[in-house]
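The values are calculated or read from the model by the stated rules, or taken from the named source; none is laboratory data. A quick note: this is a predicted structure, and the numbers were derived from the prediction, not measured. No Cβ is skipped: glycine too gets one built from the backbone with ideal geometry, and neighbour counts run over all protein chains shown.
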Amino acid sequence: MKWLQDIKVVDLSTVLAGPSVASFLGELGAQVHKIESPHAGGDVTRSWRVPGEQTPEPVSAYFAAINYCKSYEVLDLRDAEAQHLLHQLLANADILISNYKEDDYEKFGLSADHIRSTYPLLIHARLRGFDSDPNRVAYDVVLQAECGMMALNGSPDGPPTKFPIAIVDVLAAHQMKEAILLALFQRERSGQGCVLGASLEKAGIASLVNQASNYLMTGQLPQRMGSQHPNIAPYGDFFLCSDGQWIVLAIGSNRQFHDLCQVIGMIELPMDLRFKDNPQRVLHREALNESLSQAFAQMASDDFMRQSKAQNIPAGVIRTMDQVMEIAKQLKMIHQEDIEKIPTARVKSIAFEIIA
């Protein structure tokens, strides 16, 4: 369904967060017009390629992932005529998305005061890197570092590690999507647009959830634990089955732990005082995992998954990207589109539906 089919969007943003928001709005039916600078070949992600990538220039797979459902134009906004063309577009636009440094908004005639007085219906969504230093250049890995994520991520005996995707950009994009949709709702009620902001820094900090509360309420600094959970065991712990397939567990209750032990043939484990409840299992996680590893080594993954599903035991197979994309196809989550006459594909950004 094209919920936003009458909405016009101007996308001035680059890299990941802002462009992905614009494509999300495009998936919802909005008309999205992306404007790129002629300098350095436009959006920098056009040149971000994996080794051996054969996607024809000037479209990379990275660019295609977050720049679709759009039309494209090159304008040098340092030029007065180009600024005039931009403002002609804004006169009929509903949403403007940008991720400029603070000093550039005045330079391009996009100050908050000018937007509110000249385009009272326009929703201008500004993405920042750092609220604590608005003119600082911000890229995802820097924010992962400075928002505490890298210190938490990785194995206990390894170095701080980034997520394998630009997770802070993704989180900031969700914050901006929510803000834009709320602003559209508010505009329907008040007849007024607004200038709104979201930052990678705040989005990163807001995502720390239980890890932040663990520190705020206990004073204990969270440590790197690999995929393990600081509050629950076995949760995030993974085990190698007899067929070479890895299984990950997400046991959140004593009932689930008892059922797990039944399935893997270790009914005596819950009787061990070290494993009788979750606090004890967290405390004795290493000894618990040694016992579980021995059991899983004797069991085929298909057999375990069949029985665990029957008993409602939360567990999963650790799938590779090719395996996940087969599921994405079944779920009709693959979107294919020609960008500048180049075939591209990605997973859809919309993962919700109206059920009734």
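Quick notes on this one:
- Any hit, the range 205-226, residues being assigned by TED's automatic domain parsing to the domain that holds TYR105 and without any contact (Cβ under 8 Å) to a residue 40 or more places away in the chain: no
- Hits in the range 296-315 - residues which are in contact (Cβ under 8 Å) with a residue 40 or more places away in the chain, farther than 13 Å from PRO234 by Cα and not aromatic (Phe, Trp, Tyr): ALA297, GLN298, MET299, ALA300, SER301, ASP302, MET305, GLN307, SER308, GLN311, ASN312
- Inspection of the range 307-326 finds a residue satisfying the criterion of being acidic (Asp, Glu) and either closer than 17 Å to LEU249 by Cα or assigned to a helix (DSSP H, G or I) (or both).
- Restricting ASP140, ASP104 to those that are of a type in the set (D, E, K, R) and either on the phi > 0 side of the Ramachandran plot or surrounded by fewer than 22 Cβ atoms within 10 Å (Cβ to Cβ) (or both) reduces the list to ASP104.
- Per-region count, the range 197-230, residues of a type in the set (D, E, K, R) and touching a strand residue (DSSP E or B) at 6+ places or on another chain (Cβ under 8 Å): 1
- Residues that are charged (D, E, K, R) and surrounded by fewer than 12 Cβ atoms within 10 Å (Cβ to Cβ) within the range 75-95 comprise ASP79, GLU81, listed in sequence order.
- Qualifying positions in the range 13-56 - within 17 Å of the chain's Cα centre (by Cα) and of a type in the set (A, V, I, L, M, F, W, C): VAL15, LEU16, ALA17, VAL21, ALA22, PHE24, LEU25
- Scanning the range 241-259 for residues that are surrounded by 14 or more Cβ atoms within 10 Å (Cβ to Cβ) and not in a helix (DSSP H, G or I) yields CYS241, GLN245, TRP246, ILE247, VAL248, LEU249, ALA250, ILE251, GLY252.
- Unmet criterion (only one of (1) part of a loop (DSSP other than H, G, I, E, B); (2) loosely packed, with under 14 Cβ neighbours inside 10 Å) for GLY226: (2)
- Being in contact with a Cys (Cβ under 9 Å, 6 or more places away or on another chain), surrounded by fewer than 16 Cβ atoms within 10 Å (Cβ to Cβ) and assigned to a helix (DSSP H, G or I) is a property that does not hold for GLN262.
- Residues of the range 93-127 classified as at pLDDT below 95, among the hydroxyl-bearing types (Ser, Thr, Tyr) and either touching a helix residue (DSSP H, G or I) at 6+ places or on another chain (Cβ under 7 Å) or outside the structural domain of ALA80 (by TED's automatic domain parsing) (or both), total: 1
- Complete set of residues in the range 271-298 that are in a loop (DSSP other than H, G, I, E, B) and out of contact with any strand residue (DSSP E or B) (no Cβ under 9 Å at 6 or more places or on another chain): ASP272, LYS276, ASP277, HIS284, GLN298
- Counted residues, the range 229-240 - those being modelled with pLDDT of 95 or more and surrounded by fewer than 17 Cβ atoms within 10 Å (Cβ to Cβ): 2
- Residue match in the range 173-188 (condition: in contact with a Phe, Trp or Tyr (Cβ under 8 Å, 6 or more places away or on another chain) and surrounded by 14 or more Cβ atoms within 10 Å (Cβ to Cβ)): yes
- The range 272-287 residues that are touching a residue at least 40 places away in the same chain (Cβ under 8 Å), paired with ones that are outside any helix (DSSP H, G or I) and of a type in the set (Ser, Thr, Tyr) (beta carbon under 8 Å, 6 or more apart): ASN278/SER253
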